[in-house]
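Notes for the one structure printed next.
The values are calculated or read from the model by the stated rules, or taken from the named source; none is laboratory data. Everything quoted here is computed from the prediction, not taken from an experiment. Here Cβ is always computed from backbone atoms with ideal geometry, including for glycine, and neighbour counts include all displayed protein chains.
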Amino acid sequence: MIPLTFFGFNPSYFSKLFTGLPSIFHIHVLFMIMWIAMILVQPFLILKKKTKPHKAIGKLSYFLMPVVLLTTWLMIRHSYFNFITDETAKLAREGKTISANEMIINAAEYMNIGVLYWLWLGIFYTLAVINRKRIVLHATYMFAAVLTLLGPTIDRILIPLYINYNLNVNFFIVTFILIDILLAALLIYQWKKGINLKGTIAALSIYVFGQVVFFALPRMYLWRLLIDPFS
């Protein structure tokens with residue numbers, strides 16, 4: 001996961017580390033690295049039956065995750081205004097104009113995927129905390145939360161390929177399918193082992209529902225109502 005994450009974010013962040021990026025970029029990455037380190041250490045502690053350190057680190061996440069979600073929200077908000085600025089400049093160069101309402105709709109559509117992964121992360125982390133004393137449910141929801149890392153990582157790897165080969169396909173579906181396959185594989189494994197499937201079915205259902213919303217509602221009022229707080 002770590003090499004894949006570095007590779008995915010290298011063009012947009014690590015290769016530009018000393019080029020005057022906004023401070024929110026560095027703050028967000030710092031707390032994301034801390035969270036990734038945490039989720040890598042926690043399973044190891046459980047494997048070694050070190051429950052006290054596991055619980056202590058878990059309690060630290062009560063502070064860390066809200067900060068991760070806050071900095072992610074600020075990153076999405078930055079992208080929202082940056083998109084409007086860039087598109088306005090592009091239209092001016094091309095001698096074109098669009099209404100302010102259309103520009104807001106386009107900006108909201110541009111943010112859809114980021115907002116969706118942000119919601120998934122918050123939902124699954126919350127479910128994991130609520131079920132922290134129920135081992136299978138806690139582990140399942142935390143695994144679902146970790147899967148949200150795949151979206152921003154893989155999408156950044158695929159974007160240049162789709163641009164270079166001029167592919168007219170929504171590349172977000174690739175990561176959606178991968179996440180669904182991983183959860184389906186976990187479902188089959190738990191079924192064969194006689195493990196309670198409640199958490200995995202719930203996680204897969206939440207992901208699939210979000211994916212349907214992503215493709216079906218981007219220009220509808222309810223989705224714009226959800227996006228508006230970011231502006």
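Can you name every residue in the stretch 18-38 that is at pLDDT below 85 and farther than 25 Å from Tyr80 by Cβ? Answer for the stretch 18-38, where residues must be at pLDDT below 85 and farther than 25 Å from Tyr80 by Cβ: just Phe18.
Answer yes or no as to whether Leu69 is in a helix (DSSP H, G or I), at pLDDT 85 or above and surrounded by 15 or more Cβ atoms within 10 Å (Cβ to Cβ). So Leu69 passes the test.
Each row is one residue, and each column tells you yes or no for (1) exposed (fewer than 14 other Cβ atoms within 10 Å of the Cβ); (2) at pLDDT 95 or above.
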position: Phe171; (1), (2): no, no
position: Phe176; (1), (2): no, no
position: Leu186; (1), (2): no, yes
position: Trp191; (1), (2): yes, yes
position: Gly194; (1), (2): yes, no
position: Thr200; (1), (2): no, yes
position: Ala203; (1), (2): no, yes
position: Ile206; (1), (2): no, yes
position: Phe209; (1), (2): yes, no
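Do we find that Leu147 is modelled with pLDDT of 80 or more, of a type outside the set (Asp, Glu), assigned to a helix (DSSP H, G or I) and under 16 Å from the mean Cα position of the chain (by Cα) in this structure? Step through it out loud before you land on a result.
Details: modelled with pLDDT of 80 or more: yes; of a type outside the set (Asp, Glu): yes; assigned to a helix (DSSP H, G or I): yes; under 16 Å from the mean Cα position of the chain (by Cα): yes.
Judged against the criteria, Leu147 is a match.
Could you give me the residue pairs with C-beta distances under 8 Å whose first residue belongs to the stretch 97-121 and is of a type in the set (S, T, N, Q), whose second residue is in a helix (DSSP H, G or I) and at pLDDT 65 or above wherever it lies, and which are 6+ apart or on separate chains? Taking only residues 6 or more apart or on different chains, the pairs are Thr97/Leu91; Asn106/Phe83; Asn106/Glu87; Asn112/Phe214. The listed residues are Gly122, Gly114, Gly95, and the only one of them that is modelled with pLDDT under 90 and either within 18 Å of Val68 (Cβ to Cβ) or surrounded by 16 or more Cβ atoms within 10 Å (Cβ to Cβ) (or both) turns out to be Gly114.
Cβ-Cβ distances below 6 Å connect the following pairs, each with a first residue in the stretch 71-91 that is in contact (Cβ under 8 Å) with a residue 40 or more places away in the chain, a second residue that is in a helix (DSSP H, G or I) and of a type in the set (Gly, Ala, Ser), and a separation of six or more residues or different chains: Ile76/Gly114; Tyr80/Ala107.
Of all residues in the stretch 51-83, count the ones that are of a type in the set (A, V, I, L, M) and under 15 Å from the mean Cα position of the chain (by Cα). Total meeting the criteria: 8.
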